[in-house]
Amino acid sequence: MLGFFKEVAKNRVLFLMIAPALLFFALFSYIPMVGVYYAFTNYSFDGGLFGSPFVGFENFKFLFTSGQLVTLTRNTILYNLVFILLGNALQLLCAIFLAELPGKWFKKTTQSVMFLPFFISFVLVGAFVLNLFSSENGVIPTLMAQLGLPPYDFYMHTAPWKYIIVFFHVWKGLGYGTVIYLAAIMGFGDEYYEAAKIDGANIFQRVRLITIPLLVPTFILLILLSLGGILKGQFDLFYQIVGQNGNLFASTDIIDTYVYRSLAVNFDIGMGTAAGLFQSGFGLVLILVVNYIIRKTHEDYALF
Amino acid sequence: MKMERSTIAFNAIGYVFITLLSILCLLPFLVIITGSFSSENEIIAEGFKLIPNHFSLDAYRAMFTNPNQIYQAYKVTILVTVVGTAIGLFLTSMAGFVLSRKDFKYRNGLSFYIYFTTLFSGGLIPWYILIVNYLDMKDNYSALIVPGLLSAWNIILMKNFMKSIPDSLVESAKIDGAGDFRIFIRLILPLSTPGLATIGLFMALGYWNDWFNANLFITTESKFPLQFLLYKILASAAVLKTSIAGNLSPNFKPPTETLKMAAAVVVTGPIILLYPFLQRFFVKGLTIGAVKG
């Protein structure tokens with residue numbers, strides 16, 4: 001303890017410089033952790049944090065037995081799996097092509113175009129979806145009518161929304177991921193490729209036998225890192241695309257949208273906090289597992 | 001030199017694949033822009049099209065007859081973005097500097113203290129209740145700025161940027177009698193400009209595109225930032241449309257559907273205009289980070 005005070009006295013300025021950050025995380029991250037206590041109460045606005053009746057694990061029990069939590073967790077995990085696998089595969093392909101194709105202008109332009117969606121807000125994604133799919137005057141229903149197809153109301157069917165959500169997620173992250181993979185490919189150096197050319201390998205063989213094997217560690221690492229966050233849903237994406245459209249929840253509701261509705265629509269504080277705590281706790285276990293695997297296989301890249 | 005057949009095939013597949021994806025990336029922007037220049041009657045009668053039959057500026061005219069709402073939202077967003085990014089970047093770089101100092105005894109413990117917040121959190125609801133009930137930030141600009149000031153990722157990124165500055169520089173400055181804060185301001189900050197630019201842009205983009213905090217905390221319309229105003233226009237113009245339809249003659253069609261699209265264009269315009277500049281910095285920063293791993 002004495003040593004600590006000595007250290008503070010010696011490095012006063014450094015401690016003062018980091019103090020705002022420490023305070024910030026104490027306030028906005030550590031204090032709310034106390035609030036997980038709501039998950040064990042039947043929250044009432046009069047009672048507040050410690051005045052509301054304590055109900056133990058009732059909220060969790062209800063979430064499990066009603067099957068809600070299972071559906072939410074399944075949706076969250078399945079969406080994230082598809083996002084991760086499809087997203088990374090497409091980014092990888094784009095990077096491979098962009099690294100090999102001739103034509104500076106073409107590559108620069110298409111790369112800029114593919115990076116554009118990364119910069120726009122999810123509200124604009126909501127505007128796209130409205131414009132494209134709106135039952136009354138969306139581009140796609142209009143197009144279908146012109147082609148003489150039977151009218152199809154997107155907002156009455158759950159089936160297409162899985163694909164719409166996946167499309168916009170992949171769409172938004174394509175440019176970003178491509179840049180990461182492209183940087184990895186550029187780091188490989190020319191020696192292997194020159195040697196392979198001399199040996200008569202054609203471009204398909206060079207990609208298959210040099211680029212892809214060299215990229216596999218990066219690919220696996222990025223996938224593993226994303227798997228740690230597989231329970232974290234992207235609220236912005238789902239909320240801006242689906243919104244409060246109860247018809248579509250069966251296939252589009254994730255933990256994050258459920259927690260949000262518990263707070264803002266149903267005022268079910270105890271239940272929402274319980275779902276959030278389940279997500280955080282389960283998520284922590286997942287990250288620990290993933291980190292353990294990375295430490296065994298790619299020690300330098302372990303998170304901690 | 002003649003190109004091999006396999007190379008020609010590879011290039012053909014590559015060009016087609018990349019071109020198709022690029023078109024898909026641009027298409028949603030295109031439909032919004034053409035939608036905003038459509039005539040309302042055509043939309044009502046036939047729906048949105050990729051290329052409208054009639055070109056019309058009605059939506060923009062309608063919007064700029066009473067543009068105060070949009071101007072006000074621009075003001076809020078610019079204020080929040082500038083203040084938030086300036087303060088956030090300053091605090092982030094100070095924290096990153098302290099954690100990058102090898103002679104700072106508690107750097108590992110404090111790094112973990114900050115990093116742990118990305119591993120486990122109390123969740124949305126306790127965070128919300130803290131901000132509204134205990135910090136009393138509801139309907140206050142501070143709710144748009146303060147909760148997003150710092151992120152553990154940005155601090156870690158900053159720490160890594162600053163680690164690459166040789167220790168000997170700091171040591172020799174200390175021998176010359178410079179204090180830690182002076183070293184930070186005079187020596188470390190100027191050497192960290194690429195990191196500051198990248199992380200600053202990340203922060204600014206986060207503030208500019210934020211609608212979630214406004215959705216949770218802001219109730220007064222004059223305090224709406226741009227993205228949240230756009231969200232409200234997209235959602236509530238539908239209500240407007242139904243109420244007008246009952247009251248007015250059927251021939252009168254105020255632009256509502258096209259107005260939504262025009263609002264989307266006006267709100268997103270600056271990002272698109274700044275895009276070439278933004279992209280250059282981002283790609284640079286990203287690849288610096290990527291090479292380091």
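The values are calculated or read from the model by the stated rules, or taken from the named source; none is laboratory data. Note that the structure is a prediction, hence the values are computed from the model and not measured. Counting neighbours? That spans all protein chains shown, and the Cβs are built from the backbone with ideal geometry, glycine included.
B:ASN133 falls short on exactly one of the conditions (1) buried (at least 19 other Cβ atoms within 10 Å of the Cβ); (2) closer than 30 Å to A:VAL265 by Cα; (3) within 8 Å of chain A (Cβ to nearest Cβ), and that condition is (1).
Scanning segment A:36-63 for residues being away from chain B (no Cβ under 14 Å), surrounded by 14 or more Cβ atoms within 10 Å (Cβ to Cβ) and part of a helix (DSSP H, G or I) gives a total of 2.
Every residue, every condition in (1) surrounded by 18 or more Cβ atoms within 10 Å (Cβ to Cβ); (2) among the charged types (D, E, K, R); (3) closer than 20 Å to A:THR76 by Cα; (4) within 9 Å of chain B (Cβ to nearest Cβ), yes or no:
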| position | (1), (2), (3), (4) |
| --- | --- |
| A:TYR163 | no, no, yes, no |
| A:GLY200 | no, no, no, no |
| A:ILE220 | no, no, no, no |
| A:ILE230 | yes, no, yes, no |
| A:GLY233 | yes, no, yes, no |
| A:GLN240 | yes, no, yes, yes |
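Among (1) at the interface with chain B (Cβ under 10 Å from one of its Cβ atoms); (2) closer than 23 Å to B:PRO126 by Cα; (3) assigned to a helix (DSSP H, G or I), there is one condition A:CYS94 misses while meeting the rest; what is its number? In the conditions (1) at the interface with chain B (Cβ under 10 Å from one of its Cβ atoms); (2) closer than 23 Å to B:PRO126 by Cα; (3) assigned to a helix (DSSP H, G or I), A:CYS94 misses (2) alone.
Residues in segment B:115-130 that are at the interface with chain A (Cβ under 7 Å from one of its Cβ atoms) and more than 24 Å from the chain's Cα centre (by Cα): B:PHE120, B:GLY122, B:PRO126, B:ILE129, B:LEU130. Consider segment B:1-22 and keep the residues that are outside any helix (DSSP H, G or I) and more than 9 Å from every other protein chain (Cβ to nearest Cβ). The one that is surrounded by the fewest Cβ atoms within 10 Å (Cβ to Cβ) is B:MET1.
Among the candidates B:ILE185, B:ILE155, the residue that is at the interface with chain A (Cβ under 10 Å from one of its Cβ atoms) and assigned to a helix (DSSP H, G or I) is uniquely B:ILE155.
Could you tell me whether A:ALA274 is under 30 Å from A:ASN42 (Cα atoms) and crowded, with 18+ Cβ neighbours inside 10 Å? Considered against the rule, which asks whether it is under 30 Å from A:ASN42 (Cα atoms) and crowded, with 18+ Cβ neighbours inside 10 Å, A:ALA274 comes out as yes. Candidates are the residues of segment A:145-157 that are assigned to a helix (DSSP H, G or I) and either facing chain B (nearest Cβ under 10 Å) or among the hydroxyl-bearing types (Ser, Thr, Tyr) (or both); the one that is farthest from A:GLN244 (Cα to Cα) is A:GLN146. Only residues that are assigned to a helix (DSSP H, G or I), surrounded by 16 or more Cβ atoms within 10 Å (Cβ to Cβ) and more than 7 Å from chain B (Cβ to nearest Cβ) were counted across segment A:101-143, and they come to 9. One residue stands out among those in segment B:179-210 that are of a type in the set (Phe, Trp, Tyr) and under 13 Å from B:THR92 (Cβ atoms): the one that is modelled with the lowest pLDDT, which is B:PHE202.
Consider segment B:23-40 and keep the residues that are touching a Ser or Thr at 6+ places or on another chain (Cβ under 9 Å) and either surrounded by fewer than 19 Cβ atoms within 10 Å (Cβ to Cβ) or more than 8 Å from chain A (Cβ to nearest Cβ) (or both). The one that is modelled with the lowest pLDDT is B:GLU40. Restricting segment A:1-14 to residues that are surrounded by fewer than 19 Cβ atoms within 10 Å (Cβ to Cβ) and within 8 Å of chain B (Cβ to nearest Cβ), the residue that is farthest from B:LEU99 (Cα to Cα) is A:GLU7. Flag set for A:GLY173, criterion: more than 9 Å from chain B (Cβ to nearest Cβ) and either free of Cβ contacts under 8 Å to residues at least 12 places away in the same chain or under 30 Å from A:LEU303 (Cα atoms) (or both).
Total residues in segment B:124-139 satisfying the condition of being assigned to a helix (DSSP H, G or I) and in contact with a Lys or Arg (Cβ under 8 Å, 6 or more places away or on another chain): the figure is 2.
Go through (1) surrounded by 20 or more Cβ atoms within 10 Å (Cβ to Cβ); (2) not in a helix (DSSP H, G or I) for B:ALA178 and report which single condition fails. B:ALA178 satisfies every listed condition except (1).
Given the options B:PHE217, B:PHE212, B:PHE202, B:PHE161, name the one that is more than 8 Å from chain A (Cβ to nearest Cβ), of a type in the set (Phe, Trp, Tyr) and within 30 Å of A:PHE40 (Cβ to Cβ). B:PHE217 is the lone residue from the list that is more than 8 Å from chain A (Cβ to nearest Cβ), of a type in the set (Phe, Trp, Tyr) and within 30 Å of A:PHE40 (Cβ to Cβ). Taking the numbered list (1) within 9 Å of another protein chain (Cβ to nearest Cβ); (2) closer than 30 Å to A:ASP268 by Cα; (3) among the aliphatic types (A, V, I, L, M) in turn, B:ILE145 passes all entries but (1).
Residues of segment B:93-105 that are at the interface with chain A (Cβ under 7 Å from one of its Cβ atoms) and either under 17 Å from A:PHE28 (Cβ atoms) or modelled with pLDDT under 95 (or both): B:ALA95, B:ARG101, B:PHE104, B:LYS105. Of the residues B:SER121, B:SER142, only one is free of Cβ contacts under 8 Å to residues at least 24 places away in the same chain, closer than 21 Å to B:TRP211 by Cβ and in a loop (DSSP other than H, G, I, E, B); which? Being free of Cβ contacts under 8 Å to residues at least 24 places away in the same chain, closer than 21 Å to B:TRP211 by Cβ and in a loop (DSSP other than H, G, I, E, B) holds for just one of B:SER121, B:SER142, which is B:SER121.
Scan segment B:48-89 for residues that are buried (at least 16 other Cβ atoms within 10 Å of the Cβ), of a type outside the set (A, V, I, L, M) and under 25 Å from the mean Cα position of the chain (by Cα) and the total you get is 9. Considering each of A:LEU225, A:LEU215 in turn, give the residue that is among the aliphatic types (A, V, I, L, M) and closer than 12 Å to A:ALA99 by Cβ. Testing whether each residue is among the aliphatic types (A, V, I, L, M) and closer than 12 Å to A:ALA99 by Cβ leaves just A:LEU215.
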